[in-house]
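Working notes for the structure below.
The values are calculated or read from the model by the stated rules, or taken from the named source; none is laboratory data. Just so it is clear, the structure is predicted and the values come from calculations on it, not from any experiment. No Cβ is skipped: glycine too gets one built from the backbone with ideal geometry, and neighbour counts run over all protein chains shown. We work out accessible area using only protein heavy atoms, side chains counted, and drop any ligands, DNA or RNA first. Shrake-Rupley method; radii C 1.70, N 1.55, O 1.52, S 1.80 Å.
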Amino acid sequence: MNVRISEVKNHLGDEVTIGAWLANKRSSGKIAFLELRDGTGFIQGVVLKNEISEENWETAKELTQESSLYVTGSVREDKRAPSGFELTVTDLEIIQMAHDYPITPKEHGVEFLMDHRHLWLRSSRQHAILRIRNEVIKATYDFFNDHGFIKVDPPILTGSSAEGTTDLFHTKYFDRDAYLSQSGQLYMEAAAMAFGKVFSFGPAFRAEKSKTRRHLIEFWMIEPEMAFCDHEENLKVQENYVSYLVQRVLNHCQPELKAIGRDTTRLEKIKAPFPRISYDEAIDFLKKEGFDDIEWGDDFGSPHETAIAEHFDVPVFVTKYPTKVKAFYMKPDPERDDVVLCADLLAPEGYGEIIGGSQRIDDLDLMKKRYEAFHLTDPAYQWYLELRQYGTVPHSGFGLGLERAIAWICGLDHIRETIPFPRLLNRIYP
Ligand code: 4AD
Ligand code: MG
C-alpha cells in the first residue's frame, strides 16, 4: 500500500510503501537508520542487516543525501520519534542515487543558499516557513469568506499606476505601454461598488531600488475593499483579520513554529483591538526619543517605524498622515485637510508596516481636483472618476503585504525566506 508519511499513523502494524528522499543517515555494523522525508513529514526507517536481503543492505549503505527511493516496511509505534512512528524496512527500491547534493548539514552562507533556493526549499526550516505561509493564505480565505466578502481578481497588466509612478515595471502591451500592477486597489473599488465587500489576493510588483530586509520586488498582497465603510470601521476589520491570522498559525502550526524557533509568547498577546496613535502624536514621540531629523510632513523610514512599534506589544495603527506624503485617492480628514483618513499598521519587534489602508475620496469634484494636482491626465484613469459619478458611496480598504506579515509571525531576519522564489533587487535566479 502506498502511503504518505503524514498518513502512517493510520497504518500501525501494516506493511506500507513510501516514496521518499533521504534526508540523513546513520549506520553502524548491522543497523542503519534512514531519516526519510516525503514533503508531508519525516519518519525514521530502521534497516537491520540480518532481516533484509544482501542487496537491500548494500543499497542502504550506499544511499546518499537526497537520493529518491521507495521504502517498504512495517509501521511501528515509537514514542521517542518526532512523528511517533518508525518504519522497520523490508525493501528498498532506488529511484535515483543523488551525488554531491550541494546543501549539506554544515553551515552555508545566505548567498549560496539563495543560489540554491530550488533545493533549499527542501530543508526543514524553509519547509516550516512555507507551511506557515500556506496557513496564513488559508486563514485569509476563511476570514473574508466568513465575513461576507467576495473574492475578485484585479488585472495584473494595467494601463496606469495605482500607487505613484516612480516604481512601476514598464512593459509593452502590443504597440502600447503597460505596467505590472503595483496594487489592485483601484479595480477593487470598482468591484466594491458591484459587490459591497470584496477582497483580492494576488501579486504586486514594485521596481523599488530598495535593498532592505522588508522589500521584495514581487510580493503578494491581500486587498479588501468595502462600500459604506468609513475609516474607523476599516481599522476594526484590519485588527480582527490580523488577530485571526496569528491565532490560526498558533492553533495549527505549533510544530512549524517550534522548528523555526519562534518565541510564541509574543504572538499569544496579539489580540484585537490594537492601539491607535495619530501621525502628530508619532512625530512628538519620535522627537522625544531623540530623532532630531524628523519634521512634521516627513514620511517615516524604517528606524522611525521600529521606534514607534517597539513601544507596543501588539501591532499599532499610525493614523492620519499628512496629505502630501500619501496617495492621491485618500480622503482628507473633514476636520483638517492637511491630513488624510488613513492608517499604517506597524508590526511589533521591528517588522514595520504590514498594512497600508485608507478611506477613499468619494466626492467627484474633489477627485477631479486631485487628478489635476497629481497630473493624472491619462485617459486610463477615466473609469476611476466614473465610480464617483454613478452612485458614489463612502468606502474604505487596505492592503496587507503577505510576506511582511509572515516575516513577523515567523520572527525572521529577512523577508526573502517567506516566499518560495524571492525577487530581490539583485536576484531573479532561480
Ligand atoms: O502601503 P501600500 O503601498 O498600499 C497599497 O498598495 C494600497 N493600494 C493598499 C490598499 O489600500 N488597497 O502597500 C500595502 C502593503 C504594505 O503595508 C506592505 O505590507 C506591503 O504591501 N508592501 C510590500 N511588501 C514587500 N515588499 C515591498 N516592496 C512592499 N511594498 C508594499
Ligand atoms: Mg504603505
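Dimensions of the chain along the principal axes, based on C-alpha atoms and rounded to the nearest Å, stand at 86, 54, 40, largest first.
In this Cβ point-charge picture (+1 for Lys and Arg, -1 for Asp and Glu), region 7-105 has a dipole of about 460 debye about its Cα centre. The dipole here belongs to region 117-418: it is taken about the Cα centre, uses +1 on the Cβ of Lys and Arg and -1 on the Cβ of Asp and Glu, and is about 1260 debye.
Per residue, what volume in Å³ does the Cα convex hull of region 345-430 take up?
On the way: hull volume 14.5 nm³, N = 86.
So the per-residue Cα hull volume is 168 Å³.
Calculated [222 nm] ellipticity per residue, helices only, for the chain: -8500 deg cm²/dmol; basis is -39500 (n - 2.57) per DSSP H run with n ≥ 4, divided by all residues, nearest 500. Taken along the Cα-to-beta-carbon direction at a fixed 7 Å, the label points for residue 165 and residue 337 span 2.4 nm.
Among the protein heavy atoms, those of residue 173 account for about 100 Å² of accessible surface (1.4 Å probe, every chain in place).
Residues of region 200-223 with backbone nitrogen within less than 19 Å of a virtual label 7 Å along the Cα-to-Cβ line of residue 421, please, listed as ranges. Hits in region 200-223 for residue 421 at 19 Å: 202-207, 216-221. Pair-distance distribution of region 1-129: all C-alpha pairs, bin width 10 Å, starting at 0; shares per bin in whole percent are 13, 43, 32, 11, 1. Hull volume per residue, based on the alpha-carbon atoms of region 98-156 and their convex hull, is 138 Å³. Ranking of 285, 169 by solvent-accessible surface, largest first: 169, 285 (1.4 Å probe, protein heavy atoms only, all chains present). Note on region 304-360: semi-axes of the ellipsoid equivalent to its C-alpha gyration tensor, largest first and rounded to whole Å, are 23, 10, 9. Each peptide among 303-316, 396-409 gets the average number of other Cβ atoms lying within 10 Å of its residues, and from highest to lowest they stand as 396-409, 303-316.
Taking R0 as 30 Å, what FRET efficiency do you get between residue 31 and residue 2 from their Cβ-Cβ distance, rounded to the nearest 0.05? Kindly include the intermediate steps, with their values, before the conclusion.
Values: r = 26 Å, r/R0 = 0.86.
That gives a FRET efficiency of 0.70.
What is the Cα centroid distance between region 51-109 and region 224-300, reported in whole angstrom? Cα centres, region 51-109 to region 224-300: 45 Å.
For the full complex of protein chains and a 1.4 angstrom probe, list 230, 167, 100 by accessible area with the highest value first. Present the calculation step by step, with values, prior to reporting the outcome.
Details: 230 65, 167 25, 100 145 Å².
Final ranking, largest accessible area leading: 100, 230, 167.
Using a simple spin-label model with pseudo-atoms 7 Å out from Cα toward Cβ, residue 119 and residue 325 lie 4.5 nm apart. Accessible surface calculations at 1.4 Å, restricted to protein heavy atoms, place region 49-123 at 59 Å² per residue.
Structure remark: mean-square fluctuation, Gaussian network model of the chain, C-alpha springs under 10 Å; the largest value among 129, 52, 43 belongs to 52.
By how many nm would the segment from residue 232 to residue 382 lengthen if fully extended, with 0.36 nm per residue of separation less the alpha-carbon distance? Before the final figure, lay out each step's value.
Working: separation 150, 0.36 × 150 = 54.00 nm, distance 2.89 nm.
Between residue 232 and residue 382, full extension yields an extra 51.1 nm.
Taking every alpha-carbon pair in region 161-291 and binning the separations at 5 Å intervals from zero gives 2, 8, 11, 12, 15, 19, 16, 10, 4, 2, 1, 0 percent.
Rounded to the nearest 20 debye, the dipole size of region 222-330 about its Cα centre is 500 debye, using +1 on the Cβ of Lys and Arg and -1 on the Cβ of Asp and Glu.
When the surface is traced with a 1.4 Å probe over the full set of protein chains, residue 427 keeps roughly 30 Å² accessible.
Could you tell me which of the pairs 151/269; 209/368; 324/369; 151/368; 138/209; 236/320 are separated by over 20 angstrom between their Cα atoms in the structure shown?
Values: 151/269 30 Å; 209/368 31 Å; 324/369 14 Å; 151/368 29 Å; 138/209 31 Å; 236/320 16 Å.
The answer is 151/269; 209/368; 151/368; 138/209.
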